[in-house]
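S.K.: Following this message is one structure expressed as structure tokens.
The values are calculated or read from the model by the stated rules, or taken from the named source; none is laboratory data. Because the structure is predicted, anything quoted here is derived from the model rather than measured. Heads up, the Cβs are rebuilt from the backbone with ideal geometry, glycines too, and the neighbour counts pull from every protein chain shown.
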């Protein structure tokens, strides 16, 4: 919510959480007019992403999962890079944090990297270093026109990236 880029549509999907997540999402929506909340029966990660895609109005999409942490300038940096390059997808550098405080950094991507559809496919297939996940990247919404996340699958990201 505290992103430096302010022109956001924030879609929170309460995927049937058994705890107080739905109420927390509703509180965010009451406090911030940019926030839309979807309450739905539990269907899993792909179902939640698909529900968000169905109502998204923006031209760019970023999926942030419940266990993700992002910097305050995250969206702004991705937006600037994808806008300046005209690319179809922006891929940020990232690290995986462990409970002991260690952080594993993917050294192959140093900063935000932008790709056309063709370039992204080539880098993934031939260089093998684009992570097969939809989260964390900024996508042109047009890429998702005929694609939805497969529901009921493990490692569902690998079907769509």
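S.K.: When you look at residue 5, is it assigned to a helix (DSSP H, G or I) and closer than 23 Å to residue 74 by Cα, yes or no?
M.R.: On the way: assigned to a helix (DSSP H, G or I): no; closer than 23 Å to residue 74 by Cα: yes.
For residue 5, the condition - assigned to a helix (DSSP H, G or I) and closer than 23 Å to residue 74 by Cα - is not met.
S.K.: As an exercise: evaluate residue 46 against (1) modelled with pLDDT of 80 or more; (2) in a loop (DSSP other than H, G, I, E, B) and give the number of the one condition it does not meet.
M.R.: (2)
S.K.: Next question. Restricted to region 135-146, and to residues that are under 15 Å from the mean Cα position of the chain (by Cα) and in a loop (DSSP other than H, G, I, E, B), which residue is nearest to residue 43 (Cα to Cα)?
M.R.: Here the answer is 136.
S.K.: If you don't mind, another one. Given the conditions (1) closer than 22 Å to residue 152 by Cβ; (2) at pLDDT below 90; (3) touching a helix residue (DSSP H, G or I) at 6+ places or on another chain (Cβ under 8 Å), and given that residue 38 satisfies all but one, which numbered condition is not satisfied?
M.R.: Unmet condition: (2).
S.K.: Same structure, new question: When region 86-129 is examined, which residues are found to be at pLDDT below 70 and under 23 Å from residue 48 (Cβ atoms)?
M.R.: Passing the criteria: only 94.
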